[in-house]
Amino acid sequence: MPTFDFKQLDVFSRVSLKGNPLAVVLGADSLSDQQMADFAKWTNLSETTFLLTPRDPRADYRVRIFTTLQELPFAGHPTLGSCHAWLAAGGVPKGEEIVQECEIGLVRIRRQGDELAFIAPPLLRSGAVEDDVLERVRLGLGLEPDRIVRSQWVDNGAGWLVVMLADRDQVLALQPDYSQLMGLAVGVIAPCDPAQDDVDTQFEVRGFVAGDGAPEDPATGSLNAGVAQWLLREGLAPERYVVSQGTAMGRAGRISVERQGEEIWIGGAVAVCIDGRLQL
């Protein structure tokens, strides 16, 4: 039976068990699509990735990203975790930046001290959320009609839309009815108030994917990448800020956002939890 190097990581956290877990299978070129999908379903994590030989000569490696339900063209915490695993396994980038190949194309990644950051990919869908969809979201989140301050599609491959609430406490108090949210990937954000919120961040975020094995995501790179493009475009956030996510789940995810010129970088730490071999 073939064996593969395997790592399980915690992304957007400096310590194990406080970020977003990710399973990574290295050297997975011999696995079939069905084997990848089956293993991702078995791990029951929000995402499992498989590192492959790149097809594009400009890329350092290729990654395929699976949830328990489907393959994604792009996702944020799998990008940082996969890059960390590739580097830890001895990967040497061709240039100063690391270049990941995935289904949306090439994604640039750079080192930021002991953290990694990826460049926010272009949005595949933006603009106002349709009234009927927004009403589904409102009902699914159990919100009064006047609680949603703003909303926007921020889909960069993972299907996200986002709604903004007035304060952090409202975000943390949410208890979604996932039956109302089936087929949607819903982000919720609110600004933190330094006068009353005892946190070191500027925004609190939660991410919900109804029907997935892990319906709430503890720390989401793709969501925050899309949200950052919206917030910065509309002047709703400073050029550099930090997001807390996973608080309601007992996690302590921290996602850093920084705009440099026309580029937006999404960064965070990665902790190794499991390092071993997989028979598949």
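Considering Val137, Val171, which residue is within 19 Å of the chain's Cα centre (by Cα), at pLDDT 95 or above and in a helix (DSSP H, G or I)? Spell out the reasoning first.
Details: Val137 fails: within 19 Å of the chain's Cα centre (by Cα).
Exactly one residue qualifies, and that residue is Val171.
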Lone qualifier among Ile274, Ile266 - being touching a residue at least 24 places away in the same chain (Cβ under 8 Å), aliphatic (A, V, I, L, M) and touching a helix residue (DSSP H, G or I) at 6+ places or on another chain (Cβ under 7 Å): Ile266
Matching residues, segment 261-280, being in a strand (DSSP E or B) and within 14 Å of the chain's Cα centre (by Cα): Trp265, Ile266, Gly267, Gly268, Val270
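Results for (1) in a strand (DSSP E or B); (2) within 23 Å of Ala166 (Cβ to Cβ); (3) touching a Lys or Arg at 6+ places or on another chain (Cβ under 7 Å), shown as yes or no for each residue.
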site	(1), (2), (3)
Gln196	no, yes, no
Gln229	no, yes, no
Ala237	no, yes, no
Tyr241	yes, yes, no
Arg259	yes, no, no
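Looking only at segment 173-187, which residues are within 27 Å of Thr79 (Cβ to Cβ) and surrounded by 14 or more Cβ atoms within 10 Å (Cβ to Cβ)? Lay out the reasoning, then the answer.
Going residue by residue through segment 173-187, those that are within 27 Å of Thr79 (Cβ to Cβ) are 174, 176, 178, 181-187.
Leu174, Pro176, Tyr178, Leu181, Leu184, Ala185, Val186, Gly187, listed by residue number.
From the residues in segment 88-126 that are touching a Pro at 6+ places or on another chain (Cβ under 8 Å) and among the aliphatic types (A, V, I, L, M), which one is modelled with the lowest pLDDT? Break it down into steps so the answer makes sense when it comes.
First, pick out the residues of segment 88-126 that are touching a Pro at 6+ places or on another chain (Cβ under 8 Å): 99, 101-105, 107.
The next check asks that each one be among the aliphatic types (A, V, I, L, M); those that pass are 99, 104, 107.
Numbers: Val99: 98, Ile104: 93, Val107: 96.
Step by step, filter segment 88-126, then rank; the result is Ile104.
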Some residue of segment 234-241 being touching a strand residue (DSSP E or B) at 6+ places or on another chain (Cβ under 7 Å), surrounded by fewer than 20 Cβ atoms within 10 Å (Cβ to Cβ) and either among the acidic types (Asp, Glu) or over 18 Å from Ile264 (Cβ atoms) (or both): yes
Matching entry among Ser256, Ser222, Ser179 (being over 30 Å from Arg111 (Cβ atoms) and either hydroxyl-bearing (Ser, Thr, Tyr) or outside the structural domain of Pro21 (by TED's automatic domain parsing) (or both)): Ser179
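Sort out which residues of segment 243-257 are buried (at least 19 other Cβ atoms within 10 Å of the Cβ) and either assigned to a strand (DSSP E or B) or without any contact (Cβ under 8 Å) to a residue 40 or more places away in the chain (or both), and write them in order of number.
Within segment 243-257, the subset buried (at least 19 other Cβ atoms within 10 Å of the Cβ) is 243-246, 251-257.
Answer for segment 243-257, where residues must be buried (at least 19 other Cβ atoms within 10 Å of the Cβ) and either assigned to a strand (DSSP E or B) or without any contact (Cβ under 8 Å) to a residue 40 or more places away in the chain (or both): Val243, Ser244, Gln245, Gly253, Arg254, Ile255, Ser256, Val257.
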Odd one out for Ala195, checked against (1) modelled with pLDDT of 95 or more; (2) more than 29 Å from Glu103 (Cα to Cα); (3) small (Gly, Ala, Ser): (1)
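Taking the stated definitions as given, is Glu101 assigned to a loop (DSSP other than H, G, I, E, B) and either outside the structural domain of Val272 (by TED's automatic domain parsing) or within 30 Å of Phe6 (Cα to Cα) (or both)? Explain how you work it out, then say what you get.
Values: assigned to a loop (DSSP other than H, G, I, E, B): no; either outside the structural domain of Val272 (by TED's automatic domain parsing) or within 30 Å of Phe6 (Cα to Cα) (or both): yes.
In short, no.
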Residue pairs meeting the criteria (Cβ under 7 Å; at least 6 apart or on separate chains; first within 20 Å of Arg110 (Cβ to Cβ) and assigned to a loop (DSSP other than H, G, I, E, B), in segment 52-81; second among the aliphatic types (A, V, I, L, M) and at pLDDT below 95): Phe74/Ile104; Phe74/Ala158; Ala75/Ala158
Residues (assigned to a strand (DSSP E or B) and of a type in the set (S, T, N, Q)) located in segment 36-51: Thr48, Thr49
Members of segment 31-70 found to be at pLDDT 95 or above and among the hydroxyl-bearing types (Ser, Thr, Tyr), listed by number: Ser32, Thr43, Thr48, Thr49, Thr53, Tyr61
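The values are calculated or read from the model by the stated rules, or taken from the named source; none is laboratory data. No experiment lies behind these values; they were computed from the predicted model shown. Ideal geometry is used to build each Cβ from the backbone, glycine not excepted, and the neighbour counts take in all protein chains shown.
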